[in-house]
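Have a look at the structure below, then the notes.
The values are calculated or read from the model by the stated rules, or taken from the named source; none is laboratory data. These figures come from a predicted structure and were not determined experimentally. Reconstructed Cβ throughout: ideal geometry from the backbone, glycine too, with neighbour counts over all protein chains shown. These area figures cover heavy atoms from the full protein model, side chains too; ligands, DNA and RNA do not enter into them. Shrake-Rupley method; radii C 1.70, N 1.55, O 1.52, S 1.80 Å.
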Amino acid sequence: MANANIKLIAEKTNLSPGTVSIVLNGRGDKMRISEKTQNRVWEEAKLLGYKPNIYARRLRNQSAGNSAAIIGILWPSVYSSELIVNFFDGIQNSILNDKLNVEVVYKPYQYSEICKMEDIFKNQLFNGVIVVGASDRDVDYLYNINSTMPIILFNRQNDKYATVCVDNYATGEKVSRLLAARGHKNAALICPNLLSRNFSMRRTGFLDGCQKYGITVLPEHIIHETYDSQGGYRSAETLLRSQPLPSALFLLVSGYSHEVYSVLQKMVFVFLKI
């Protein structure tokens, strides 16, 4: 609430701006302001469409030692709901097991548009943030901002911020090794057409591994599609139109799994029916 609106409430309720501010910040009982007076303030505030600044209030309480630390989780639009469940399950276990006084705020953002969340970094809205699945453009933006708020990049490498990440090249290579161990001689690869060093390294690791372990990946079996449900369907349909079909398929990202599996399952059913 802007100071001008606090003054307006004060005028309409015949109270001082200081009293109004105390009530709106939830400190009326502590400062022994009567329930009747508090109700007058809240009624007038509602008429004006007052919305409390929860972030500011929590951060003020936290600085006074009265509230939990607030951690923001910035989650990209392209990540699947399956990953959200696993990610937050790990955070929940850590908070409960270590008895941490922490609140977690989920904040989605459009992939490659984290710059539109400038307010979070400029105004330090959290005690710290974990940025998940940032694009190369997002990482570059974060690298060039000045923020005293702690920032952790999840599965992205950066020499400015703390990072938690996997070896994407090794991940791709291990998949090819597993396929070779199971006797596969040819494979296909479905990738999102997004600019990402992580996706690129995973793709390279897989293809290098296939070459190393004697697995053939034909050019027509390397399919790039949009990272959405329609892209998942199209990629599977494109693969099924290619001949001969490979015996194994590696999805570079798990977000395609539901759609690809649905198409393959439908085609197998049609084949068996025929």
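Available extension along the chain between Q230 and Y50 is 60.6 nm, counting 0.36 nm per residue and deducting the alpha carbon span.
Pairs spanning more than 19 Å between alpha-carbon atoms, out of K7/K51; K7/K46; K46/K122; K12/K36; K12/K46; K185/K212: K46/K122. Within the listed set N193, N101, N39, the Gaussian network model of the chain (springs between alpha-carbon atoms below 10 Å) gives the highest mean-square fluctuation for N39. Once C-alpha pairs closer than 8 Å and six or more residues apart are averaged by separation and normalised to the residue number of the stretch 95-183, the relative contact order reads 20 percent. Dividing the mean sequence gap of close Cα pairs (under 8 Å, 6+ apart) by how many residues the chain holds gives a relative contact order of 12 percent. Other residues whose C-beta falls under 15 angstrom from the C-beta of S242 contribute a net charge of -1, scoring Lys and Arg +1 and Asp and Glu -1. Within the accessible surface of the stretch 116-274, defined with a 1.4 Å probe on protein heavy atoms only, the carbon and sulfur portion equals 56 percent.
For the stretch 156-206, a/c is not less than 1.5, where a ≥ b ≥ c are the root eigenvalues of the C-alpha gyration tensor, and a/b does not top b/c. That puts it in the oblate class. Two decimals, Cα atoms only, Kirkwood Rh: what is Rg/Rh over the stretch 192-270? On the Cα set of the stretch 192-270, Rg over Rh gives 0.96.
Expressed in Å, the radius of gyration and Dmax of the Cα atoms of the stretch 140-274 are 17.6, 64. The H on the amide N of H224, modeled in the peptide plane, is under 5 Å from the matching H of C191, each at least 5 residues off or on a different chain. Highest mobility in the GNM of the chain, judged by mean-square fluctuation with C-alpha springs under 10 Å and restricted to M201, M31, M117, is found for M31. Take the chain with all the other protein chains still there, run a 1.4 Å probe, and you get 59 Å² of accessible area per residue. Each Lys and Arg Cβ is given +1 and each Asp and Glu Cβ -1; about its Cα centre, the chain then shows a dipole of about 480 debye.
Per the Debye calculation on the chain with a single equal scatterer at every Cα and no solvent contribution, log₁₀ I(q)/I(0) for q = 0.16 Å⁻¹ amounts to -1.22.
Taking other residues whose beta carbon is less than 13 angstrom from the beta carbon of A10, and scoring Lys, Arg as +1 and Asp, Glu as -1, yields +1.
Given a 10 angstrom Cα cut-off, can you work out which residue in D140, D159, D119 is the most mobile in a GNM of the chain? Among D140, D159, D119, the largest GNM mean-square fluctuation belongs to D159.
You can think of it this way: the chain between N101 and R182 has 24.5 nm of extra reach, that is 0.36 nm per residue less the Cα-Cα gap.
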